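A.B. asks: The structure's right below; bear with me while I get my questions together.
The values are calculated or read from the model by the stated rules, or taken from the named source; none is laboratory data. Note that the coordinates shown come from a computational prediction; the quantities given were computed from them, not determined experimentally. Cβ sites come from the backbone with ideal geometry, for glycine too, and all protein chains shown count toward neighbours.
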Number of protein chains: 2
Amino acid sequence: MTVLIASVPSGTVTSAKGFSAGGIFAGIKTPGVDKKDIGIIYSSAPCAVAGTFSQNTIISPTVTLDKARVETGNLVHAVVVNSGCANTAVGDQGMIDAKDMTKIAADHLGITEEQTLVSSTGVIGVEIPMALMREFIPQIEVTEDGGGEFAKAILTTDKRTKEIAVSFDVDGVTHTVGGVSKGSGMIHPNMATMLAYITTDANVETRFLKETLSGAVKLSFNQIDVDGDQSTNDTVLLLANGAAGGSVISGGDDASKAFTEAVLKVSQYLAIEIARDGEGATKLIEVTVNGAHSTDDALKASRSCAASLLVKTAVYGRDPNWGRIFMAVGKAEIPLDESKIDCYVNDIQIVHAGKAISYNIQSVVSALGGDQVRLRVDLNVGDGTGVAWGCDLTEEYVVFNSAYTT
Amino acid sequence: MTVLIASVPSGTVTSAKGFSAGGIFAGIKTPGVDKKDIGIIYSSAPCAVAGTFSQNTIISPTVTLDKARVETGNLVHAVVVNSGCANTAVGDQGMIDAKDMTKIAADHLGITEEQTLVSSTGVIGVEIPMALMREFIPQIEVTEDGGGEFAKAILTTDKRTKEIAVSFDVDGVTHTVGGVSKGSGMIHPNMATMLAYITTDANVETRFLKETLSGAVKLSFNQIDVDGDQSTNDTVLLLANGAAGGSVISGGDDASKAFTEAVLKVSQYLAIEIARDGEGATKLIEVTVNGAHSTDDALKASRSCAASLLVKTAVYGRDPNWGRIFMAVGKAEIPLDESKIDCYVNDIQIVHAGKAISYNIQSVVSALGGDQVRLRVDLNVGDGTGVAWGCDLTEEYVVFNSAYTT
């Protein structure tokens, strides 16, 4: 059985069967055209759920609550998310409000609070305006074409929404995986949080769902860098409600392979869009490291390179400054042999066997002028390959993040 | 016996007895008023030596050569340093040239090449112009008041030289510890390298010399951050020639304690000056973390905070944005209890027990307006204390590091 993965045109987080969503403007953020600040994803059928969360020691109580509810293995029906306020570092009130948000959403949807997850993104250290939650959450209408509304509701200072869906057929049953994310536009201080929600109507066994999400996150969200800082609220959730009517997917067969590939495709798209929309960014930087001793080495080296401020500023300045690439790969502290390294910018080779070769500088400068730059480092010591994505660092990043809020 | 440490007025790397130095302009860098690009530190008496070097996997052959020569435990007489060219990533020619530089300097000084160490700082991937080395190294005059000339010779795009000396008396014998460093002004790409040379006329046993340097580097050079990138050429050398005529210092007594304190004082001064002179910086940021479970935890958390781009831009923008401080301390992944954290900006408390307290915002904004900002985080879970130093991140950093070189 060959399973083909296809893009769903205008796909959203509600493209998978049985999912609906919606958003509303409650006034947590300053008003603006088409702005929303609370959103809900809902599935009438109960969902198996997997999640990955911020590794920061200081986390939002919303993350603590979601982690606990995901760990029980119980099925869930909904996620409620607000933007504009992170509900982080506000003492005991934070958990009270997080639980209360799930209770208000659950009452509205006719489910239990334990079947409801919650995220917040926005300013740290400010309490959630619960009066607004009580007033506006019950007004949110969830509909099958509400994915786009939800996508708007979770944005902070992102320039655009980030949505996708892909589908695959198994034994005549079409399965869909849809996703939505928001990234780190940090014009308003502390608005940096990476949130992503992936939905599927596949019938996925919980253990395999968790395994699939971990694998996909490792090769997508964990391989992007905007500014090296890690939010207290980062969350990726994968919900599976089985509404497609297919057989159970639990690993080891072609359907499982297709599901894994679909989730990876959605995750990478959403992750790359976050990097591309990085605060102040003008270019997406894709760094591929080939020929490392292991996949982990390659992932580490590519991410070190995508995260280096000197690489980011060199790309911004269209400077084929391969010394910085060497430095960034070297500081990943993986085994390598300097005399074997080849470097490429958009497939134009600039370094062979660890030394500069004579190349047409104009063609490289011109390649660096595009809005997507590919850097490739071949270590030539093994078979490990890894890719990471970052964005350039511009004056705008500094201006945005140093703007007075006082 | 009480030992007092005193500052040496206008102290330099030649303040310790028996050390001389000099510098010359050879034309490796573009010419400018009072510019120099090759320097030598020399001691007529042989020196015990300790060194700490870049942890980058890709390092300059000068670092490889120095490491090997320091590891033999043999005494040395001189260090020759050039700025403008890093002698890194140039294939086998790099080691040939590094050795050749020590040979040329050794012949000039009447010592052996094995008694000579070497550093380079500047552009990566370009071969050292050895013709200039052969012509100009023999013209360098080393004198007892040449410390300032050497300090100029190692600069790349630093705005100023960094020099200091302190002294302490033991049984009527005055011992001096002098030092010089250069930092990471990176206007010209890849010019980022941290070099520091510390000299002393104390008679220090080699094992204790190494122990002292490692201890001092941990609390100074390893606690500063300009942009998170790590040079391929970073080097700190400590040379002890015994010319003060004092007894052997080998640990465990008051003289050893005074020597340790003097080396730490010199190291911290030189490290802090590098952070203060960070590329594009307008402010020095000092971050103190108290009450951690251990010293290592406190050092890690303070450095994470000093290195965070969001903290750097908040300080630049005079924004008392403590949520970013929480995020940065939390991402250090040390054990802490959020509800016990207190935060201070220049001694003004802004967070108590993990929550914002009402403070006079104008006074904090005004404190952030100075050219030195002190952030303090009390974790209140133990006795560990650590300090780190960084600088703010400004538009100028981006402009400098993205300037076309092509």
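A.B. asks: Let me confirm something: among B:ASN87, B:ASN74, which residue is assigned to a loop (DSSP other than H, G, I, E, B), of a type outside the set (Gly, Ala, Ser) and surrounded by 23 or more Cβ atoms within 10 Å (Cβ to Cβ)?
C.D. replies: Of the residues listed, the single one that is assigned to a loop (DSSP other than H, G, I, E, B), of a type outside the set (Gly, Ala, Ser) and surrounded by 23 or more Cβ atoms within 10 Å (Cβ to Cβ) is B:ASN87.
A.B. asks: Additional query: Hey, can you tell me all the residues within region B:79-98 that are among the charged types (D, E, K, R) and within 20 Å of B:ASP37 (Cβ to Cβ)?
C.D. replies: Once the filter is applied, which keeps residues that are among the charged types (D, E, K, R) and within 20 Å of B:ASP37 (Cβ to Cβ), region B:79-98 yields only B:ASP97.
A.B. asks: Hey, another quick one. Identify, please: which residue in region A:109-120 is touching a helix residue (DSSP H, G or I) at 6+ places or on another chain (Cβ under 9 Å) and not in a helix (DSSP H, G or I) and is, among those, farthest from B:ARG324 (Cα to Cα)?
C.D. replies: Restricting to residues being touching a helix residue (DSSP H, G or I) at 6+ places or on another chain (Cβ under 9 Å) and not in a helix (DSSP H, G or I), the top hit is A:ILE111.
A.B. asks: Being over 20 Å from A:SER43 (Cβ atoms) and either crowded, with 19+ Cβ neighbours inside 10 Å or outside the structural domain of A:THR156 (by TED's automatic domain parsing) (or both) is the filter here; which residues of region A:90-128 pass it?
C.D. replies: Matches in region A:90-128: A:VAL90, A:GLY94, A:ASP97, A:ALA98, A:SER120, A:THR121, A:GLY122, A:VAL123, A:ILE124, A:GLY125, A:ILE128.
A.B. asks: Only residues in region A:294-306 that are in contact (Cβ under 8 Å) with a residue 24 or more places away in the chain count as the first member; pair them with residues that are in a helix (DSSP H, G or I) and among the polar types (S, T, N, Q), Cβ under 6 angstrom, at least 6 apart or cross-chain, and list the lot.
C.D. replies: Between residues of region A:294-306 that are in contact (Cβ under 8 Å) with a residue 24 or more places away in the chain and residues that are in a helix (DSSP H, G or I) and among the polar types (S, T, N, Q), the close pairs are A:ARG303/A:GLN223.
A.B. asks: Which residue pairs have Cβ atoms under 9 Å apart, sit 6 or more places apart or on different chains, and have a first residue in region B:325-342 that is crowded, with 24+ Cβ neighbours inside 10 Å and a second that is among the acidic types (Asp, Glu) and part of a loop (DSSP other than H, G, I, E, B)?
C.D. replies: B:MET327/A:ASP229; B:ALA328/A:ASP229
A.B. asks: So, B:ASP347, is that one crowded, with 16+ Cβ neighbours inside 10 Å, more than 10 Å from every other protein chain (Cβ to nearest Cβ) and either more than 14 Å from B:SER294 (Cα to Cα) or not small (Gly, Ala, Ser) (or both) or not?
C.D. replies: Taking the combined requirement at face value, the residue does not satisfy it.
A.B. asks: Can you pull out every residue in region A:297-321 that is touching an Asp or Glu at 6+ places or on another chain (Cβ under 6 Å) and more than 7 Å from chain B (Cβ to nearest Cβ)?
C.D. replies: A:ALA306, A:ALA307, A:LYS312, A:VAL315
A.B. asks: Here are B:SER44, B:SER54, B:SER60: which of them is closer than 20 Å to B:GLU141 by Cα, in the same structural domain as B:ALA216 (by TED's automatic domain parsing) and touching a strand residue (DSSP E or B) at 6+ places or on another chain (Cβ under 8 Å)?
C.D. replies: So the residue among B:SER44, B:SER54, B:SER60 that is closer than 20 Å to B:GLU141 by Cα, in the same structural domain as B:ALA216 (by TED's automatic domain parsing) and touching a strand residue (DSSP E or B) at 6+ places or on another chain (Cβ under 8 Å) is B:SER44.
A.B. asks: Next question, about the same structure. Going by the structure shown, is A:ALA262 farther than 16 Å from A:ASP229 by Cα and at pLDDT 90 or above?
C.D. replies: It is true that A:ALA262 is farther than 16 Å from A:ASP229 by Cα and at pLDDT 90 or above.
A.B. asks: What residue, of A:ALA131, A:ALA151, A:ALA106, is free of Cβ contacts under 8 Å to residues at least 12 places away in the same chain, part of a helix (DSSP H, G or I) and of a type in the set (Gly, Ala, Ser)?
C.D. replies: A:ALA131
A.B. asks: Which of the strands (runs of 3 or more DSSP E) contained wholly in region A:179-296 include at least 3 residues that are β-branched (Val, Ile, Thr), more than 14 Å from chain B (Cβ to nearest Cβ) and under 29 Å from A:LEU75 (Cα atoms)?
C.D. replies: A:195-200
A.B. asks: Still on this structure, please answer the following. Could you please find all residues in region A:322-344 being within 7 Å of chain B (Cβ to nearest Cβ), out of contact with any strand residue (DSSP E or B) (no Cβ under 9 Å at 6 or more places or on another chain) and either at pLDDT 90 or above or in a loop (DSSP other than H, G, I, E, B) (or both)?
C.D. replies: A:LYS331, A:GLU333, A:GLU338
A.B. asks: So, in region B:345-367, exactly how many residues are of a type in the set (A, V, I, L, M, F, W, C), assigned to a loop (DSSP other than H, G, I, E, B) and modelled with pLDDT under 90?
C.D. replies: Within region B:345-367, residues that are of a type in the set (A, V, I, L, M, F, W, C), assigned to a loop (DSSP other than H, G, I, E, B) and modelled with pLDDT under 90 number 1.
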